[in-house]
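Coordinate-derived values only; no laboratory data. Everything numeric in this text was worked out from a predicted model, so none of it was measured. We place every Cβ from the backbone using ideal geometry, glycine too, and count neighbours over all the protein chains shown.
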Amino acid sequence: MTNHLIMDKTYLPPLEGWRGVLALSVVFFHFSQLYFDAKYAPWGYLAVDFFFALSGFIIARQYEASIVMRTVDFKKFAIRRLARLYPLYAFSILVAVLINQYTLEWDSPLKIQDFGFGPSLVMWVIVQLTMTGALFMLPQPNGPTWSVSAEWVVNIVFFGLVWRYRRIPNVLLWSIVACGALYLISVSPQTLETPTKNVPMARAIVGFCLGWLIFRYHKKLPVIQLSYLYVFETVLMIITLWMTVYHDDVVKAGGDYIFELILIPTLITVSLYRGGIIGFIFSLPVCTFLGRISYSIYLLHYPLTYLVVHNDWLMSFSSPSLGILYIGILIVVATTAYIVIEKPGRALGRYLTRKPIAVEGAPAPAVAN
């Protein structure tokens with residue numbers, strides 16, 4: 001029995017499922033730090049690099065050919081991406097600012113008065129409104145928004161390169177990955193969790209280009225017998241789980257870079273095979289549901305975490321009851337935000353970029369001689 005790539009679907013359930021699991025990984029990473037003062041998912045920040053690679057694959061798959069053929073111009077591209085990213089981004093910034101400013105009296109990550117009322121505050125507001133925080137390394141009121149900013153910047157660069165040069169050679173993308181990885185290693189030899197010296201943007205660039213390359217090569221992947229695929233997937237998952245369990249040890253040997261450059265691309269690639277174990281697991285309804293609301297989970301978990309940690313009644317719950325209660329509240333909040341904010345935003349983006357409807361009997365456009 002042979003296996004075939006998932007090539008005939010616009011929607012790829014395993015990649016959606018990955019997004020949900022990755023979002024929860026970031027949640028566990030932050031929540032354990034704030035509540036337990038420890039890292040029960042110390043590898044959680046690597047989920048962001050996984051997000052960047054998924055974004056590179058999906059954006060290239062959805063837009064590269066259209067940009068090359070000039071069926072999508074910058075206006076349409078920007079509107080669609082902003083409609084996807086900006087509404088929830090802006091809402092999460094507002095919520096985080098209100099929480100930090102008026103709810104927390106101590107141990108607050110950021111308060112408006114930290115900037116003073118002058119050029120610094122004006123600059124900070126402009127940076128937040130334009131989603132360019134990753135370029136300026138300014139403090140974020142909602143920690144996870146740095147990656148949304150980095151993705152937005154990389155998306156714009158992606159469009160510019162494809163529009164200008166049409167076909168970006170694979171060797172150039174590999175060179176960008178290599179240079180980015182060397183830069184990251186030189187700045188932070190052991191861990192990718194270093195929010196300084198342009199590390200956030202470098203992580204976004206490397207991850208996005210890896211995802212772009214996966215898209216370029218995935219059509220050429222061989223047909224594999226399921227028995228061989230099962231063996232490979234089993235070994236891959238054992239290695240991945242081992243490296244997450246013993247993350248604090250393997251990180252000293254450059255484990256983060258093994259994750260970013262080898263394991264993440266391999267996991268995405270294997271997920272594209274129909275009939276595989278990994279593809280099946282991450283296509284389960286619970287995973288794809290979490291994937292649909294993953295953006296809301298990702299952006300809203302941070303301010304919600306601070307509300308929970310600084311609420312005496314909620315903190316009266318013992319572990320693991322508090323964690324279960326927190327996840328339940330987060331899923332309800334994220335689902336609501338998805339319905340009320342994300343879906344209308346996407347619908348507006350589709351409406352603004354819709355094709356004009358031809359009117360019967362309308363005069364034909366003039367043709368230049």
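In what order do Thr130, Thr240 fall by count of nearby beta-carbon atoms within 10 Å, going from fewest to most?
Thr130, Thr240
Ratio to report: Rg/Rh of region 13-350, with Cα atoms as the point set and Rh obtained by the Kirkwood method; give two decimals.
Rounded to two decimals, Rg over Rh is 0.95.
Between region 120-151 and region 183-246, how many Å separate their Cα centres?
26 Å
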